[in-house]
Structures are given as structure tokens and as C-alpha cells.
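Everything on this sheet refers to the single structure shown next.
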Amino acid sequence: MPLNDSLTRRFRKIVGRPNVDTGTAELLTFASDGLTLHQAAPECVVYPQSTGEVAAIVKACNRAGVPFVARGAGTGLSGGAIIDGGVIIQLSRMNQIIYLSADNRFAIVQPGVVNSYLSLQTRPYGLEFAPDPSSQAACTIGGNVAENAGGPHTLKQGVTLNHVLGQTVVMADGQVATFGGPYLAQTGPSFSSFLVGSEGTLGITTEVTVRLVPVAAGITTMLATFADPAGATDSVTAILAARILPSALEFIDQLCIQAVEAHLKVGFPTDAGAILLIELDTDDERSKGQAETIEALCREHGAIDFTLAQSEEERQKLWLGRKHVAGAMGKISPAYYTNDGVVPRSRLTDILQAVYRIAGIHKLKVANIAHAGDGNIHPLILFDPDTPDGADRALACSEDILAACLEMGGSLSGEHGIGLEKREMMARMYSGADLAHMRRLRNGLSPLGLLNPCKLLPEGARCGEVKNGATLPEGTWL
Amino acid sequence: MTMARTWPHAGQPVIPDSSGDLAAWVQRAREQKVSIGGPLAEHSIDFSALRQTSPFNPADMVLTTGVGQTLDQVKAHVAAEGLWLPLDTPMGGFMPLADYLGNDLSLSWLSHRYGTARDWVMGMTAIDDSGSPVTWGAKVVKNVAGYLLSPLYIGSRHALGLMVEVSLRLIPLPTGLCRVNIAASTPEPLLNIWRGTVRPRSSGLQTDPWEAIRLKGQAGEWQLEGLTYAPRGEIDGWIGLTEGVRGVEVTPCEGVPNEPVTTSQPVRIGRFLPANLGQAIALETGREKELIIYPATGAALFFGAGASPLAASIEASGGQVVEAGDWQRKSSVPGDDTALYMQKVKSILDPDSIFGPLWEAS
Ligand SMILES: Cc1cc2nc3c(=O)[nH]c(=O)nc-3n(C[C@H](O)[C@H](O)[C@H](O)COP(=O)(O)OP(=O)(O)OC[C@H]3O[C@@H](n4cnc5c(N)ncnc54)[C@H](O)[C@@H]3O)c2cc1C
């Protein structure tokens, strides 16, 4: 339904004229999130600054029968934060840390707080927010909650679900509800935990109570270099089988290494088949022993070099390289598409081989990073958007990779969510009864279906397709 | 097929021999308009026969098992492969997972570090109100695909549906832990020692050297018990010259010992912000009944009836004291709408109340 003037007027009343955008050029900047292959522009963007304002906007949308979606930084990689027509509720101005209790190790934050900013504020107390997505310099806590974000260090510390104690949420009908709270002693059913990872389809988070954990007292960072990627993935299994749980265990393959080195020169070995970036959250006697075991296991599986970061500066450099892999892709390809499959850890070597094979079938190059300790792969599928079928082949390649993950007993998504991108594949992971159960819950909690429609569950013909691969009008400034 | 079976006599549970059998019982309950499974249903369920464990590759670090397995059995099964499920309970791990998860008894001396049951259940299969199996989540350690309903089911005492199988995330079984037991006749010196470890004066920064920690005691006999990787010299440093300490035992562990089991059921559970565990604890010095406090988590288990200055202090400082297993009392806590929305979920997932009411009408 097209947005009518009275609704826009209502929004202006709620948030003030400067906080409502309806200009075509502005709206186009919201036409995609991190997944640029899906594009659909909203008709209006509203910038609330309080829970009350969000609730009033949601109620107005309900009354007008207009669909709406919450948006944080728009770094999501499954097309979750876009809407075809309708309203984007842009939460980036709700960016305050409301309360911080170091002694009780929690913080209450607004959803627009940027992930890395939160830890920056808590580190002086020796605390941090553990989930550390590679996009942490931009993505917001609200987006992290909606996508149940992970990151390199969630291998040991757990994902966002494990660090959210409570939330204030504007439900689909505009009611404000609070779930959980600052207590760590959380047993019994948790509506807050249920909402984590629900991709903003059941409510809009306007306050989050997050758990903070002590910053590691010491850190040991290792770089293992392999000629053969399979040696690296086999080492991952061997390290965990040796009863060592590193705080991070990241895989980076040759193409990624070369892109990063072309971009940043962090000192990754460009002739390596793959590297593992391994971190322990201690630097005491115990970790010395563990580091020795890790080195022995890597060498047993074909590591040709193994080094320890000798200083914090060296460590930061290695992580800079890891966190900028995606940013470096521009050095080797005009465009890429990020896949987010998961396999049981024992199948890591198998899935990587499958990824290279599938990419070959589609005549595409693929650069691989993986949160290897979690079995969470991120093949970056490189394509040329200027060739007529470039994007389609990348999508087909990604779909085949996900199908392979499912065949191996894995999942469609480890941390980026389903969004628009993978909703039709949900029927390959779950039975009709499973999906009907989920839909029943969604319909019950969002009966008008206006909140972030067409995401997460298969929709078939019910939802108008957003323009797949549509190009922006010439001259659009992004 | 068990369709010919009749309902057990009053007070006797239904004992399904498989998840298919349980599904058939639910279908029969629907046809005959009787309720089954929930805390207030006409027929309770003994899940103990649902013990099927799927083939398990230790390298995957996920175990999928029927909910008839006990917590102890699961932990022993995975420990044999060098793995650990970091969940515990002071009530003893001999109950089937159906009871452990259904009632959510996962508050333990590990909770400050490892959370509770909801943090370790990656996926679940349950029988819904139509008698069909429904699954969510996955059998891998990381997943965001679809709605994860387990946080609603854990602790809902089978009133939303009947869990039959769970996939549990595991981690390597720690090695090199020490068990520490520090004794004193009053709780304060022990609390002071604990405080010194989580916020050392030397740095003023928050730290946490404890994998497990609890304070337990009653009149004249108090103990700080925990598990840590810290070496003996460091532990001695924590205790230093603290007055009132009667003895210190440090024993290296094989694997991870379970939390010592209490002899009786707690009657109430209090939760509070750790920093508020102030002077009230001193008032408990002469307490006759056992008390367990998880100082880092901010929880207390009260055994035996009667007034408790600590309980009063928890409430006075804004914390909550509820009857054990009675999470829905949260509904009376201002500012938490969980109970309200659980009722909503109940009306969506079980509108005909096949599993009986979620809780007694107040
Ligand atoms: C280079 C790059 C690297 C990345 N690395 C990682 C990684 O390591 N780990 C990882 O997990 N992800 C990663 N991501 C994906 C993305 O950054 C995360 O999903 C992040 O959590 C999204 O946050 P956002 O603020 O950008 O959310 P958005 O993209 O704005 O929104 C994402 C979804 O959340 C919903 N949403 C946002 N705010 C709210 C709210 N307040 N209430 C309800 N719903 C809301 C939106 O409706 C949408 O469905 C990466 C992305 C990029 C571009």
C-alpha cells in the first residue's frame, strides 16, 4: 500500500520534521543492506530517539496497514533490513549507553550503539562485550541481537544469545514489553533469548541489557601456515580433539591472503595455501604448553611455518588482516557474494573441497575465510556484475554450497541469518510441519504481518519479489 | 503401535517407549479431550524410556540425545570422548533431561561463566499439540536459521509441547583444574576472599579466575568451594592473611567434578545483583538451615522454611525471591513481561490446552 501523506504527517508529529525522510535520493541509500544483490527502496525513513517514539511509529504503521522494518547500520548480509515500499525505522540515533555497572558486569544500551564502541567504553573497567563480528566498527547492538551475531572470538565466549540478559521491545502491535533484566541468574523460559536471532520479525528492540565479560588477562596469538588448505582444516579438528578450546580459530585461504596483502600488507604469507589464526586467552604457563601442543599438531598436519605474535602491535596487525578480508576483496574482484553455511566440525575439510569444486562447476573463483572452530564457512564468491549472468551464477553457486552444507548435516546460516536471501531454502532444512510451527508463532505474535514481512520463512508467491540484482538509477550518490 | 493402550490410573504417569509412541498419546489426548504432559495436566509423563542417542562424532562437539537420558549419563558419555557439557545442578544430575530442562534446574556453580541450559541447547524436537514432531535449531555448534524455540520450552514444564530430543553444544573437557575449598566459621572472610579475586586491588579491574564458585554453609560452618586453573601459589595469595579462615584444601582434579549434591530440595531461589550481596550475608551467620550462594551469578538457594535476613535483603535491594521451580512468579515482578508473553505463546501453540494450563490461575 503506498504511503499516504497523513501517515508521513503523523511521523513528523512523532519524531519532528527533520527526522523523517521521503526524498528519493535519500531513500535509495536504504535500498540495500550489506547484501547488495537484493534491492528495494522504502517510501519513508523515520529516525526515532526513544522507545516511546518507536512504539508510536509502529502503532501508526499498524493503523495505516503499512509494512515497516527496523534498521541498524545496514551491514546485514541476508537482505533483512530492506523493505519494498513501506517504512524503515532507522535506529542509529538511539545510540546511548544508558547504564553501565562494572561490579555487576552488565550494561543497558540503546540498539543503535555500535558494537566496538560498547567495548571501548567498558574496557577501562576490564570488561568487554564478547561478540565481535568483523563488521564491529559499524554494526549495531540491535542488529547483533536480531541476527544473533557471532565473530572470531565467539568460539569460546559464545554468540550474542549468550550475552543478552534482557530487552525492551516494541512488539509488532506497538505494545512495549520488557523481558529479562540485569540478573545473570536466568533460568526458566526466556522470551528475550527467543527473540535473539529472530531477525527483527517479531519486535523492535529499543533497549538491550548485555552481559559483560572480563577482558583476557593475557593473550597468545599464533599464525600457522600451510601449503595445503586441507592441512589447516584437519589441524582445527586435531586442536579441539586435543581438548584445547582456543578463544579464536580462524581459517584464511590463499586468495584472501593475497587480497589482504595487496590491500594492507599485514605480513600474511602470500604463497601459502592457507593460514590459521589461533588465539588463546591466556599467556601463562598453561597456555605455553597449549601453544606447544597446537604447534605440534599443526606441523603434524603439514604446517610449513608457525609463529607467535611477539607484541600487541604484531597481534593487532594479524587481526587487522583477518577483519579486513572482505574489505580487501575489491583488490581482486569487482564484486563478491558472502556465503554463511555451517557444517559439523568434522566435515570442515570436506566442505572446503566441495566449495572449490562447486565454484569450478559455476566457473567462478571463491576466496575462503571461516570461523573454522565453529564449522562456519564464509566462501566469498567472486563475480563480475557487468557480465549478464554474473550475479545469477554467484547466487546459484552459493545455493549449491548451502545444499552441500545441509547434506553434511549443517545449517543455512551461522550468523548472517536467513532474511530474504535464503528464505526459500528453509524448506530444505526443515520439514513442512517445522515451518508451519514457526509460522504459527510468527502469525500469532505479528498477526497483521506488517513487521519485516517476507523475511526468514519461505513465502512462495505470497510476497512480491524485491528486485533481484536491480541497478540503481544512474547518478545516484551512495 | 500402542493405540490399544488405556490411560494409566490416577497418579501414574504415561510411559511412552518412543517419541512416536508419545506422539500417539498426544493424538489420543486430543481426540479424548484430556490433557497430558504439562505441570497441571491430567496425565503426567515419564520420559525415561526416550533414551535414544544419535551416532555421535566427538569432533563435531554436538550430542543429539533423547530426553530420557539423565544429565549425569550425558556428561559421562561425552567425558569418555574428552568433551564436556558445562551444565550442572546442586540437585544431582540423576534426573532425565526432560525434567532437568523442563523445570530448568540449570542454575549452578558454573552459571556465572557458562550460563544456563538455554545457552547449550542448539536444537530440539518436540511433539506439538497435534501430535506431530516439530524441530527447530540445528545439530551444529552455530546456527541462525529460523526461530529458536528452545528458550521458550526450557523451563515451561512441558506446557507448550513435549520435548523428545535435544542437540547439545559441547566443549573440550578442561584439564588441569584444581578444586579449592576454603573453610571459615562465618561467611564474611570467604566473601572477602572471593571479592579480592574478581576485582584485585592491584589493578582494580574486573577479572575472574573461577570456573565454578559457590559459598555454602549453615551455623558455624561455611565454605567457599570452587574450581580454578590458578596455581597453588596464587590461591594462597588470594587468601593471604584473611582473618577467620579455618582451613584451605586445594586438590588437582581429573576432569571437572560435579557440584556437590545437596541433601534436600531448595524451597526458594533468590536472584540479585552480585554487588548487592553486602552486609546481609553477615546476618545469616547463625542460620540453622543450609544456604547456597552463587556470589558471581547473584543467586541464592534457600533450604528450609522460615524468614531469612538475606532473602529480605535481596528483596529490599530490588532482587527477587521466588519459590523453587516457580519461575512464573516473575509475572508479579514489575518490569518483566515474560510471563505475559508466555501465556500468549501458550495460546498460540496450544490453544486447546492439550498440555494443560501453563500455571495455576492466580
Ligand atoms: C564486512 C562484513 C563483515 C561481517 N562480519 C560478521 C561477523 O563476523 N559475524 C556476524 O555475525 N555478522 C557479520 N556481518 C553481518 C552483519 O554485520 C551482522 O549481521 C550485524 O549484526 C548486523 O548489524 P546491523 O546493525 O548492521 O543490522 P542491520 O543490517 O541494519 O539489520 C540486520 C537485521 O536486524 C534487524 N534489526 C536491526 N536492528 C534491530 C532492532 N533494534 N530491533 C529489531 N530488529 C533489528 C533488521 O530488521 C534486519 O533484519 C558482517 C557484515 C559485513 C558487511
Would you mind giving the average projected area, over all directions, of the Cα convex hull of chain A in nm² with one decimal? 22.2
I need the P(r) histogram for the range A:217-328: all alpha carbon pairs, bin width 5 Å from 0 out to the longest distance, whole percents. 2, 13, 25, 25, 20, 11, 4, 0
Tell me the per residue accessible area of chain A using a 1.4 Å probe; a whole number in Å² is fine. 35
For A:Thr24 paired with B:Asp236, estimate the spin-label separation in nm (one decimal), with each label point 7 Å from Cα along the Cα-to-Cβ line. 8.0
Compute the distance from the alpha-carbon center of the range A:70-132 to that of the range B:170-190, in whole Å. 35
Net +/- balance of residues flanking B:Gln218 in space, Cβ distance below 13 Å, scoring K and R +1, D and E -1: -1
Can you give the helix-only mean residue ellipticity at 222 nm for the protein assembly as shown, where every DSSP H stretch with n ≥ 4 adds -39500 (n - 2.57) and the sum goes over all residues, rounded to the nearest 500 deg cm²/dmol? -8000 deg cm²/dmol
Between B:Ile239, B:Ile293, B:Ile269, find the one with the highest GNM mean-square fluctuation for chain B; connect C-alpha pairs within less than 10 Å. B:Ile239
Cα atoms only: what Rg and Dmax, in Å, come out for the range A:286-394? 16.9, 56
In percent, how large is the relative contact order of the range B:58-137, given Cα pairs closer than 8 Å and 6 or more residues apart? 23
Rounded to the nearest whole Å³, what is the per residue volume of the convex hull around the Cα atoms of chain B? 152
Working only with C-alpha atoms, what are the Rg and Dmax values of the range A:97-214, expressed in angstrom? 13.0, 40
Taking the Cα centroid of the range B:107-133 and of the range A:201-235, what is the distance between the two, rounded to the nearest whole Å? 23
Give me the distance between the Cα centres of the range A:300-371 and the range A:437-452, rounded to whole Å. 37
Does anyone have the angle between helix A:51-64 and the longest principal axis of chain A? Alpha-carbon axes, 0 to 90°, nearest 10? 60
The simple spin-label model distance between B:Arg246 and B:His9, using points 7 Å out along Cα→Cβ, in nm, is 5.0
Alpha carbons only, please: Rg and Dmax for the protein assembly as shown, in angstrom. 26.5, 81
Whats the longest run of chain B with zero GluC sites (Glu not before Pro) that are DSSP loop and have at most 10 other Cβ atoms within 10 Å? B:1-242
To check my understanding: the extent here is largest minus smallest coordinate of the Cα atoms along each principal axis. What are those three numbers for the range B:1-173, in Å, largest first? 47, 33, 26
At a Förster distance of 30 Å, what's the computed FRET efficiency of B:Asn276 paired with A:Ser50, Cβ-Cβ distance as r, to 0.05? 0.55
Less than 15 Å Cβ to Cβ from A:Met329, Lys/Arg counted +1 and Asp/Glu -1: what total charge do the surrounding residues give? +1
With no solvent and one point on each alpha carbon, what is the Debye value of log10 I(q)/I(0) for the range A:24-64 at q = 0.22, 0.33 Å⁻¹? -0.82, -0.99
Determine Rg/Rh for the range A:333-418; Rg is computed over alpha-carbon atoms and Rh is the Kirkwood hydrodynamic estimate from the same atoms. 0.96
Report the net charge of residues surrounding B:Thr125, where surrounding means a beta-carbon distance below 14 angstrom and charges are Lys +1, Arg +1, Asp -1, Glu -1. -2
First measure r as the distance between the Cβ atoms of A:Thr270 and A:Ala242, then evaluate 1/(1 + (r/R0)^6) with R0 = 41 Å and state the FRET efficiency to the nearest 0.05. 0.90
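The values are calculated or read from the model by the stated rules, or taken from the named source; none is laboratory data. Because the structure is predicted, anything quoted here is derived from the model rather than measured. Backbone-built Cβ (ideal geometry, glycine too); neighbour counts: all protein chains shown. For the accessible areas, the whole protein counts, side chains as well, though only heavy atoms, and no ligand, DNA or RNA atoms are used. Shrake-Rupley method; radii C 1.70, N 1.55, O 1.52, S 1.80 Å.
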